[in-house]
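This report concerns only the one structure given below.
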Amino acid sequence: MASHSAVLSMSKIMSPFWGRRLGNTTKVFGTTLTSHRNKTLLPPPPAKYGGRHTVTLIPGDGIGPELLNHVREVFRFSCVPVDFEVVHVNSAVETEDDISNAITAIRRNGVALKGNIETKHTMPPSVKSRNSVLRTSLDLYANVMHCQSLPGVQTRHKNIDIMIIRENTEGEYSSLEHESVSGVVESLKIITRNNSLRIADYAFRLAREKGRRRVTAVHKANIMKLADGLFLQCCREVASGYPDITFDSMIVDNTTMQLVSKPQQFDVMVMPNLYGNVVSNVCAGLVGGPGLVPGANYGRDYAVFETATRNTGKSIANKNIANPTAVLLASCMMLDHLKLYDYASLIRNAVLTTMNETRLHTADIGGQGTTSEVVQSVMRIIQSKGQLTSEL
Amino acid sequence: TCNRRHVSTYTPPPAQYGGRHTVTLIPGDGIGPELANHVHELFRFCCVPVDFEVVNVDPSIASEGDINNAIMAIRRNGVALKGNIETNHNLPPSYKSRNNLLRTTLDLFANVMHCQSLPGVRTRHKNVDIMIIRENTEGEYSSLEHENVPGVVECLKIITRTKSLRIADYAFRMAREKGRRRVTAVHKANIMKLADGLFLQCCKEVASGYPEISFDSMIVDNTTMQLVSRPQQFDVMVMPNLYGNVVSNVCAGLVGGPGLVPGANYGDDYAVFETGTRNTGKSIANRNTANPTAMLLASCLLLDHLKLHAYAGMIRRAILTIVTETRLHTADLGGQGSTSEVVQSIMNAIQSTPYGPLTFRVYGPFI
């Protein structure tokens with residue numbers, strides 16, 4: 001077994017040299033010989049020795065470090081077989097060494113949990129957003145966010161259950177800008193057929209897996225005819241292969257207007273990068289705010305988990321008032337990805353019980369609890385379930 | 001004699017003969033024609049000294065003859081009221097959006113939308129009062145796309161210094177005129193550093209010339225999240241084209257829907273008024289269920305622009321009186337009223353105003 005894992009991890013380390021284009025030769029070593037396109041049957045990442053997984057942890061800035069510390073506490077308390085390899089990324093330096101280290105670590109381990117890395121406005125424009133660099137280098141093409149109304153949180157809209165699948169690597173976030181004539185800036189938005197087909201395929205597969213009935217593509221093809229037109233066309237092509245799922249499309253402005261009046265009509269939504277950013281933030285606002293929703297970035301080979309709205313939370317850093325729910329739920333998603341389902345549901349239930357039954361809310365959802373109180377409550381609930389735990 | 005750059009000292013357009021203005025009317029598609037008719041009725045009823053020159057634009061033809069006629073008519077008259085012209089998806093991509101073409105040709109650089117909570121309309125958020133100023137001619141709507149490599153489309157988003165300065169200047173002047181305290185620029189400069197960075201920098205430069213107005217900026221994703229949780233914190237917002245589209249639709253949704261908010265497109269020389277969210281409303285066309293409020297309030301903005309303030313105020317007051325009556329709400333507000341009922345009630349409200357204006361005597365069904 002050890003040699004099998006060793007072979008796998010060797011091929012993982014060697015894969016950066018060969019690039020993705022070589023296909024999935026590394027995965028052939030796994031016992032489950034499956035089509036690499038089917039995410040569900042993908043074997044867990046190979047960074048697993050003696051039954052323990054290693055996961056890269058990038059604390060980030062703002063509230064990232066403190067919340068990820070809480071995650072580590074909870075994991076240690078619940079005896080989750082996950083070890084964290086911490087990689088710091090300094091957002092204040094201009095060199096790309098830090099983020100390259102982080103990317104290498106994620107390639108090694110296959111899975112990561114991260115806080116948001118700040119993009120300083122005082123740096124020159126050649127310094128790209130570190131989060132963006134991470135997503136594009138690892139080709140984490142799908143950002144998945146599941147917005148659900150939580151019963152314990154008071155919001156203006158009830159019964160929201162929307163799954164947002166957002167293209168994560170291209171679109172408006174290509175960072176390709178230039179100033180040919182002084183005073184005139186051109187920013188390129190790239191839409192490619194391959195990436196659009198890929199994300200549409202991901203969306204429909206996920207919808208089928210989760211038993212969803214309807215996929216809505218969000219676009220602005222009446223104005224950006226070629227770009228969003230291509231995206232829409234790719235979605236339609238993929239939709240024809242999934243006759244059990246209804247497909248429709250909606251222009252982004254109408255979508256946002258419908259979201260604030262009647263969000264219950266939406267089921268699964270798929271869209272390019274920028275609209276995904278806006279729509280996911282609107283949905284996060286509808287279900288209770290940025291502190292509640294976890295997000296996941298999936299690529300073919302890697303997965304990175306974080307909060308859905310990617311806030312650094314600089315203004316509330318180190319004040320013990322941040323809401324840990326989003327990061328804790330993101331860590332549960334990570335455990336699901338690692339196939340540690342029992343631990344995932346244990347922690348998830350504890351978090352949701354804290355939210356809904358004990359009503360211990362932090363300031364962002366109108367309560368007075370502190371971060372540490374919430375985490376303590378989560379750990380108490382885990383202990384009361386009778387599982388093996390460390391000392392409190 | 002008029003300095004064209006200052007909207008407030010702008011003299012009314014010269015198409016005024018014998019005290020009557022001529023205004024171009026573009027009915028558009030969907031619910032546009034029926035609402036334009038209602039505006040026509042109402043104006044005739046209130047004896048408003050405005051004549052409409054109707055120009056039809058057919059969305060199914062690929063030639064630009066129709067829209068060029070419309071543009072020429074607007075150049076002649078200086079002011080227009082329009083419904084949304086549908087952009088047919090079956091036509092080739094070289095066929096540009098007619099609305100877009102109109103806006104860029106006439107250089108209507110500022111789209112102004114004032115979202116206010118109306119007292120009679122039940123919404124989840126109260127006391128919303130946001131003024132959205134959106135750059136109307138450049139940004140993501142340049143319609144400059146190409147496919148160099150098959151399967152890879154590049155779409156250009158253009159941000160220029162002159163236009164960003166212009167829209168920022170417009171926003172601050174408008175904020176000052178209306179006595180607003182705060183202007184927020186909405187951007188995504190952490191990702192689009194050069195493009196939105198330039199926009200933000202221009203806003204900051206203009207802000208320095210208006211010390212009594214506080215200026216701040218917010219990233220578009222955070223803005224939309226704040227809008228759905230606490231919209232009361234926003235005062236005036238200025239932003240490039242695409243964010244403006246999204247944010248204005250969110251705000252329209254917050255105050256009650258697309259049937260309530262009017263929008264105005266201002267340029268140096270021309271002004272075009274329409275509904276704020278530019279919907280064609282194809283699915284509810286000709287069913288007498290559309291909400292006429294947005295179009296009627298847009299016509300009041302038109303009258304204000306023509307300096308016919310008395311008529312504008314009269315019609316606006318009547319509309320707001322009717323909107324508070326829930327039994328007359330149209331379907332989009334959750335009621336059962338029809339468009340013609342609403343318009344009829346507005347006309348009754350105007351007629352019953354004590355010392356009211358001269359109105360037509362209604363002898364029978366309106367032709």
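The values are calculated or read from the model by the stated rules, or taken from the named source; none is laboratory data. Bear in mind that the values here come from a model prediction, so they are computed numbers and not experimental data. Here the Cβ positions follow ideal geometry from the backbone for every residue, glycine too, while neighbour counts run over all protein chains shown.
Observations on the structure shown:
- Against the numbered list (1) assigned by the TED database to the domain that holds A:T325; (2) more than 26 Å from A:E66 (Cα to Cα), A:I106 comes up short only at (2).
- Under the condition of being assigned to a loop (DSSP other than H, G, I, E, B) and either closer than 24 Å to A:G51 by Cα or within 14 Å of another protein chain (Cβ to nearest Cβ) (or both), the residues counted in the range A:75-129 number 22.
- Here B:N136, B:N99 are screened, and the one residue that is under 17 Å from the mean Cα position of the chain (by Cα) and within 10 Å of chain A (Cβ to nearest Cβ) is B:N99.
Each row is one residue, and each column tells you yes or no for (1) touching a residue at least 12 places away in the same chain (Cβ under 8 Å); (2) in contact with an Asp or Glu (Cβ under 8 Å, 6 or more places away or on another chain); (3) among the hydroxyl-bearing types (S, T, Y); (4) not in a loop (DSSP other than H, G, I, E, B).
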residue	(1), (2), (3), (4)
A:T309	yes, yes, yes, no
A:A322	yes, yes, no, no
A:A326	yes, no, no, yes
A:M333	yes, no, no, yes
A:K339	yes, no, no, no
A:N349	yes, no, no, yes
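- Positions within the range B:259-274 being out of contact with any strand residue (DSSP E or B) (no Cβ under 6 Å at 6 or more places or on another chain) and closer than 18 Å to B:L42 by Cβ, in sequence order: B:G259, B:L260, B:P262
Condition check ((1) surrounded by fewer than 24 Cβ atoms within 10 Å (Cβ to Cβ); (2) over 20 Å from the mean Cα position of the chain (by Cα); (3) assigned to a loop (DSSP other than H, G, I, E, B)) across all residues:
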residue	(1), (2), (3)
B:H114	yes, no, no
B:T123	yes, yes, yes
B:N148	yes, yes, no
B:I158	yes, yes, no
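- Of all residues in the range A:267-285, those satisfying the criterion of being touching a helix residue (DSSP H, G or I) at 6+ places or on another chain (Cβ under 8 Å) and within 20 Å of B:C155 (Cα to Cα) are A:V270, A:M271, A:P272, A:N273, A:L274, A:Y275, A:N277, A:V278.
- Residue within the range B:46-63 that is in contact with a Leu (Cβ under 7 Å, 6 or more places away or on another chain), surrounded by fewer than 22 Cβ atoms within 10 Å (Cβ to Cβ) and of a type in the set (D, E, K, R) present: yes
- Considered as a group, the residues in the range B:262-278 that are polar (S, T, N, Q) and either outside any strand (DSSP E or B) or more than 14 Å from every other protein chain (Cβ to nearest Cβ) (or both) include one that is nearest to B:I26 (Cα to Cα), and that residue is B:N265.
- Test for A:C147: is it under 30 Å from A:L346 (Cβ atoms), touching a residue at least 12 places away in the same chain (Cβ under 8 Å) and not in a loop (DSSP other than H, G, I, E, B): yes
- Residue match in the range B:84-93 (condition: closer than 28 Å to B:M192 by Cα and either at pLDDT 90 or above or assigned to a strand (DSSP E or B) (or both)): no
- Each residue in the range A:154-176 was checked for being in a loop (DSSP other than H, G, I, E, B), of a type outside the set (S, T, Y) and away from chain B (no Cβ under 12 Å), and 2 pass.
- Residue within the range B:335-344 that is crowded, with 18+ Cβ neighbours inside 10 Å, modelled with pLDDT under 90 and assigned to a helix (DSSP H, G or I) present: no
- Selection count, the range B:223-253, where residues are β-branched (V, I, T) and either at positive phi or more than 9 Å from chain A (Cβ to nearest Cβ) (or both): 2
- Answer residue from the range B:70-96, given it is basic (K, R) and farther than 19 Å from B:I31 by Cβ and is farthest from the other protein chains (Cβ to nearest Cβ) among those: B:R76
- Residue within the range B:172-183 that is within 14 Å of chain A (Cβ to nearest Cβ) and within 24 Å of the chain's Cα centre (by Cα) present: no
- Residues of the range A:117-160 satisfying the condition of being under 25 Å from B:Q201 (Cα atoms) and polar (S, T, N, Q): A:T119, A:T122, A:S126, A:S129, A:N131, A:S132
- Listed by first and then second residue, the pairs linking a residue in the range A:238-258 that is within 17 Å of A:A200 (Cβ to Cβ) and within 14 Å of another protein chain (Cβ to nearest Cβ) to a residue that is small (G, A, S) and surrounded by fewer than 23 Cβ atoms within 10 Å (Cβ to Cβ), with Cβ atoms under 9 Å apart and 6 or more places separating them unless they lie on different chains, are A:S249/A:A221.
- Pair list, Cβ < 8 Å and 6+ apart or interchain, from the range A:177-188 residues that are more than 7 Å from chain B (Cβ to nearest Cβ) to residues that are of a type in the set (D, E): A:H178/A:E186; A:S180/A:E186
- Residue that is more than 8 Å from chain B (Cβ to nearest Cβ), over 24 Å from A:L232 (Cβ atoms) and buried (at least 21 other Cβ atoms within 10 Å of the Cβ), where the choices are A:L138, A:L150: A:L138
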